[in-house]
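K.L.:
Have a look at the structure that comes next, please.
Rule-based calculations on the coordinates, nothing more; no lab input. This is a predicted model, so every value here is computed, not measured. Neighbour counts run over all protein chains shown; Cβ positions are idealised from the backbone, glycine included.
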Amino acid sequence: MPNDVKVTFLGGLGDIGRNCAAVEVNDQIMLIDCGIMFPEDGMPGVNIVLPDFDYLRQNAEKVVGVVCTHGHEDHIGALRYLLAEMPLKIIGSKLTLELAKNRISQSNFLDQAEFIPVEDNSRIQIGAFDLEFFPVTHSVPHGFATAFHTPQGVVLHSGDFKLDMSPVDGRLTDLSGLGNLSSSEGVRLLLADSTNADSAGYSESESAIGETLKTLIASKSEKRLVVACFASHIHRIQQIADAAIAEGRYILSLGRTMKTNIDLAREMGLLRIPANRIKPIEELDNLADSDVCVISTGSQGESMSALARMANGDSHHMAIRDNDCIIMSSHPIPGNETGVTKMLNALVRRGAEVVDSTHKLVHTTGHAKRTELRVFHSVVRPENFVPVHGEYRHMAAHKDLAIDMGTKPDNVLICTDGDSVVLSDQGIAKGESVSAEYIYVAGDVTDLGEQVLADRMILGEDGFVSVVLSINKELVLQKDPEVVSRGWVKGDLANDLHARAVKVVANAVSGEDFKSADELSKAARRALGKFINAETRLRPMVVPVIIVADK
Ligand SMILES: [Zn+2]
Ligand SMILES: [Zn+2]
């Protein structure tokens, strides 16, 4: 029906990351966020994972732009890849847009973007979209919940949020504004952050972290300090800097994004660090240990980050030693736990003391826990609800919570990537599904493909065995096959298996009446695969190579 509103989920439902949803009103599409996911185990060599843009490609003429709810990578990191395919209006708070610009400028597509900054509680009309922006607290400043005023009523997207009652900048989640929206127009459909929907209670306020940092940093007065956190967590950086400066320390930033973001946030007046308390990292060695507070990237153990390089002993700027104390003011996001643990072990080996959130309250989540979600639902009172931003279990927990808070069970739909929901006069229902594959980026290759990943897994686990078959045009073997392997088995065992494999393959392709080289190749592969499995119980990749002689 012409008045229907459709929301199609291209990423972020079922995994944490690559958030992207397409809202369709009057044949126009506005995206909510366009983020990346960090690779998980089982994605060897993959740098990042993108949402599947296929649906947008097919409907490119309808796409107006993207509302960016906040400046995290899982919400803005894929913009540069979509801009390579289509121009976009990009709407968000000034800070969100600056963070997005920094990312997009790493590509050649900055001029494909038209940036439209919006203020807290402003309402704008862009194409068919009537949008209103409500402040929310999160682990990056100036995030929004976004209301789409549509022909089917209000569709409210929470953004990533928590209900921090004492945020560092005093900018609260606008519960009263949301309450007014609910009691005036009503919220027909709510899409809300599910990340912590299975965590009981109420998340700690960001301000509480500041208190811990003060006491902790004061207690390490003789040590050289390194504090790692997300470069976009401006309020955390503020609290680290405040605690360190109170102890007479200077602030040195390490890692490119940390320096860029500190400069940006200071320029925008969002971060207050006096210029005379900042020193360039190059001056580190001229300062006494007790005068130093390095704020560093790398809290997620990313291999090329400043902190990981220190752990590996190959940082140009800083060599870790006995008198160092490293505070991990962060928590590993899913998928990064192993990398972070390895890095911490390496830092401790080099003599550093490491303090992380298992010891002290040096980190808090940016996502609402169950009690906060209850408050949020009781304020918004949505008629229909779809949990977003979470693994499946988080979304399932959020569904139960919503029903418990009064949304009718039939009006709550759990969706995963590729699903769509249609809001009509009759209510909410699932619509057509679209492709929502993982799009793997590795190096400069933007779509590696499932098959390549599957091959990499086989290669990574059991290796590679190849057999070279030289045949004539009559498909008769001209000499013994040659077997070559990599990453399979070693030494004498390999020699023995290679020799026997030669015979097995030679047998399999001799005395048979093959109709084509392809058929012969398949027979060789089958025989070799069977032999390998019987002898080793391994399943390496088996690749026959056929060489047809001219004569
Ligand atoms: Zn976020
Ligand atoms: Zn997020």
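K.L.:
Once you have the Cα-Cα distance between Met268 and Ala246, take 0.36 nm times their residue separation minus that, and quote the gain in nm to one decimal.
P.N.:
Going from the current span to full extension adds 5.6 nm.
K.L.:
So, one more: Could you work out the relative contact order of region 450-548, using alpha carbon pairs under 8 angstrom and six or more residues apart, expressed as a whole percent? All intermediate terms of the calculation are to be shown ahead of the outcome.
P.N.:
Working: 134 pairs, mean separation 39.5, N = 99.
Computed value for region 450-548: 40 percent relative contact order.
K.L.:
Can you list which of the trypsin sites (Lys or Arg not before Pro) found in region 469-541 are DSSP loop residues with at most 13 other C-beta atoms within 10 Å?
P.N.:
Lys473, Lys479, Lys490, Lys515, Arg537
K.L.:
A follow-up question, please. Which ³J(HN,Hα) values in Hz, rounded to whole numbers, follow from the phi angles of region 10-17 under the Karplus curve 6.51 cos²θ - 1.76 cosθ + 1.60, where θ = phi - 60° and Gly and Pro get x?
P.N.:
After applying 6.51 cos²θ - 1.76 cosθ + 1.60, I find 9, x, x, 10, x, 9, 8, x Hz.
K.L.:
Read phi for every residue in region 168-182 and hand back ³J(HN,Hα) as whole Hz from Karplus 6.51 cos²θ - 1.76 cosθ + 1.60, θ = phi - 60°, with x for Gly and Pro.
P.N.:
My calculation for region 168-182 gives 4, 9, x, 8, 7, 4, 7, 5, 5, x, 5, x, 4, 4, 5 Hz in order.
K.L.:
For Val543 and Lys515, FRET efficiency with R0 = 22 Å and r from the beta-carbon atoms, rounded to 0.05? It would help to have the intermediate numbers written out before the result.
P.N.:
Values: r = 22 Å, r/R0 = 0.98.
My answer for the efficiency is 0.55.
K.L.:
Ok, one more. What distance in nm separates the two pseudo spin-label positions at Glu185 and Gln125, each 7 Å out from Cα along the beta-carbon direction?
P.N.:
Each label point lies 7 Å from its Cα, and together they span 1.3 nm.
K.L.:
While we're here: Which of the chymotrypsin sites (Phe, Trp or Tyr not before Pro) across region 41-108 are loop residues per DSSP, with 16 or fewer other Cβ within 10 Å? Could the numbers behind the result be given before it?
P.N.:
Values: sites: Phe53, Tyr55, Tyr81; in loops: Phe53.
In loop regions of region 41-108 (DSSP not H, G, I, E or B), there are no sparsely surrounded chymotrypsin sites (Phe, Trp or Tyr not before Pro).
K.L.:
Shape verdict for region 33-100, please, from the Cα gyration tensor: rounded (a/c under 1.5), prolate (a/b greater than b/c) or oblate. Show your work: numbers first, answer last.
P.N.:
Details: a/c = 2.68, a/b = 1.24, b/c = 2.16.
It comes out oblate by the Cα gyration axes.
K.L.:
Pull out the extension gain between Glu437 and Asn47, defined as 0.36 nm times the separation in residues minus the alpha carbon to alpha carbon distance; nm, one decimal. Intermediate values should be presented prior to the final figure.
P.N.:
Working: separation 390, 0.36 × 390 = 140.40 nm, distance 1.61 nm.
The Glu437-Asn47 span can extend by a further 138.8 nm.
K.L.:
Hey, what do the phi angles of region 324-340 turn into as Karplus ³J(HN,Hα) couplings, whole Hz, using 6.51/-1.76/1.60 and θ = phi - 60°, x for Gly and Pro?
P.N.:
Rounded to whole hertz, the list is 8, 10, 10, 9, 8, 8, 5, 9, x, 7, x, x, 9, 4, 4, x, 5.
K.L.:
Also: Relative to the longest principal Cα axis of the chain, at what angle does helix 392-404 sit, 0 to 90 degrees, rounded to 10?
P.N.:
Once rounded, one gets 40 degrees.
K.L.:
May I ask you to derive the FRET efficiency for Ala288 and Glu40 from their Cβ-Cβ distance with R0 = 51 Å, giving the value to the nearest 0.05? Show your work: numbers first, answer last.
P.N.:
Values: r = 43 Å, r/R0 = 0.84.
E between Ala288 and Glu40, to the nearest 0.05, is 0.75.
K.L.:
Moving on to the next point. Pull up the DSSP beta bridges for the chain and report the antiparallel fraction as a percent, rounded to 5. Spell out each step's value before the answer.
P.N.:
Details: 46 of 96 bridges.
That works out to approximately 50 percent antiparallel.
K.L.:
Here's something else I'd like to know. Give me the percent relative contact order of the chain, please, defined on Cα pairs under 8 angstrom at least 6 residues apart. Don't skip to the answer; put the middle values down first.
P.N.:
Numbers: 1208 pairs, mean separation 85.4, N = 551.
Computed over the chain, the figure is 16 percent.
K.L.:
In terms of the Cα gyration tensor, with a ≥ b ≥ c the square roots of its eigenvalues, is region 206-355 rounded because a/c is under 1.5, prolate because a/b exceeds b/c, or oblate? Working shown, then result.
P.N.:
Details: a/c = 1.38, a/b = 1.21, b/c = 1.14.
It is rounded, given that a/c, with a ≥ b ≥ c, falls under 1.5.
K.L.:
Could you work out how far helix 450-462 tilts from the main Cα principal axis of the chain, as a 0 to 90 degree angle to the nearest 10?
P.N.:
Result, in degrees: 70.
K.L.:
Which cross-chain or sequence-distant (5 or more) residues have an amide H under 5 Å from the amide H of Asp130, H modelled 1.01 Å from N in plane?
P.N.:
It is His149, by chain and number.
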